[in-house]
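K.L.:
Below are the structure tokens for one structure; questions will follow.
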Amino acid sequence: MTNYAFPPPPVPALQVEGSDALFPVGRIFCVGRNYDSHAREMGQANREPPFFFMKPPNALVPGGGKVAYPPLTADLHHEVELVVAIGEGGGIFGYGVGLDLTRRDLQGAAKKEGKPWDMGKGFDGAAPVSALRPASQVPRVDQGAITLSINGTERQRGDLAEMIWTVPEIIQELGRYMPLAPGDLIFTGTPAGVSALAVGDRLEGFVEGVGTLVVEITTP
């Protein structure tokens with residue numbers, strides 16, 4: 001028996017639709033600016049080589065629900081995304097709906113100073129993800145609506161067909177940097193329409209054929 005100095009934290013995990021098994025989450029990868037519309041609204045050229053950043057596993061909010069407005073920001077943004085879950089053998093286990101929550105002011109300041117984005121992207125609660133739908137139950141992810149509504153008003157709308165880099169291309173490129181492992185999650189980018197959130201906002205993200213994610217922003 002391993003003698004830890006203190007009890008290790010529980011393993012972050014997501015529910016799997018139609019099963020009582022949990023999907024243990026290891027690493028969370030994110031693809032930056034993977035929709036042309038979002039790249040343009042962020043002032044960037046389209047179809048540049050994909051780049052990646054990470055969120056810590058404890059940023060996960062399984063199934064959504066209540067997310068506290070994070071500290072040290074006055075500009076918290078939403079980004080709805082298709083999430084890919086990697087299973088054994090490096091294949092796709094399933095798909096989910098995710099929110100890449102971003103402290104945009106911290107991210108912007110880091111960019112200007114040429115510093116890492118970690119504190120803008122990797123805080124507690126920064127990665128709500130729905131239950132996973134097994135890949136066998138998702139006929140295709142090369143097209144289909146992806147939307148986000150806040151308090152009943154649509155803020156983001158796109159189509160998976162608008163992704164600059166497809167899911168297979170993302171997996172192939174990411175695998176050049178390091179072997180993917182069972183438990184990895186990949187956030188695949190967001191369409192245009194990102195904007196600021198406030199305490200009390202109710203977010204509903206949707207990916208056609210995959211599912212829905214509901215999140216409420218609460219007081220710190």
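K.L.:
Quick one: what pairs do we get from segment 149-177, first residue over 13 Å from Phe51 (Cα atoms) and without any contact (Cβ under 8 Å) to a residue 60 or more places away in the chain, second of a type in the set (S, T, N, Q) and open to solvent by less than 60 Å² (accessible area, probe 1.4 Å), C-beta under 7 Å, 6+ apart or different chains?
P.N.:
Qualifying pairs under 7 Å: Glu154/Thr147; Arg157/Thr147.
K.L.:
For Val83, indicate whether it is surrounded by fewer than 21 Cβ atoms within 10 Å (Cβ to Cβ), modelled with pLDDT of 95 or more and either among the basic types (Lys, Arg) or closer than 15 Å to Val210 by Cβ (or both).
P.N.:
No; evaluated as a whole, the condition is false for this residue.
K.L.:
Here is a further query. Name the residues in segment 115-170 that are crowded, with 19+ Cβ neighbours inside 10 Å, small (Gly, Ala, Ser) and farther than 30 Å from Pro220 by Cα, would you?
P.N.:
Gly158
K.L.:
Turning to a different aspect of this structure: Consider only pairs whose beta carbons are under 6 Å apart and that are at least six residues apart or on different chains; among these, list those whose first residue lies in segment 71-87 and is more than 18 Å from Gly200 (Cα to Cα) and whose second residue is charged (D, E, K, R) and crowded, with 19+ Cβ neighbours inside 10 Å.
P.N.:
Glu81/Asp100; Ile86/Asp184
K.L.:
Report every pair of residues separated by at least 6 positions or lying on different chains whose Cβ atoms are under 7 Å apart, first residue within segment 123-138 and without any contact (Cβ under 8 Å) to a residue 40 or more places away in the chain and farther than 12 Å from Ile92 by Cα, second open to solvent by 10 Å² or more (accessible area, probe 1.4 Å) and assigned to a loop (DSSP other than H, G, I, E, B).
P.N.:
Short answer, once both residue conditions are applied: none.
K.L.:
Going through segment 171-190 one residue at a time, which ones are farther than 22 Å from Ala126 by Cβ, of a type in the set (D, E, K, R) and surrounded by 15 or more Cβ atoms within 10 Å (Cβ to Cβ)?
P.N.:
Scanning segment 171-190 gives a single hit, Glu173.
The values are calculated or read from the model by the stated rules, or taken from the named source; none is laboratory data. Quick caveat: nothing in here was measured; it's all calculated off a predicted structure. Methodologically, a virtual Cβ is constructed for each residue, glycine included, from the backbone with ideal geometry; neighbour enumeration extends over all protein chains shown. In case anyone asks, the SASA skips ligands and DNA or RNA and just uses the protein heavy atoms, side chains included. Shrake-Rupley method; radii C 1.70, N 1.55, O 1.52, S 1.80 Å.
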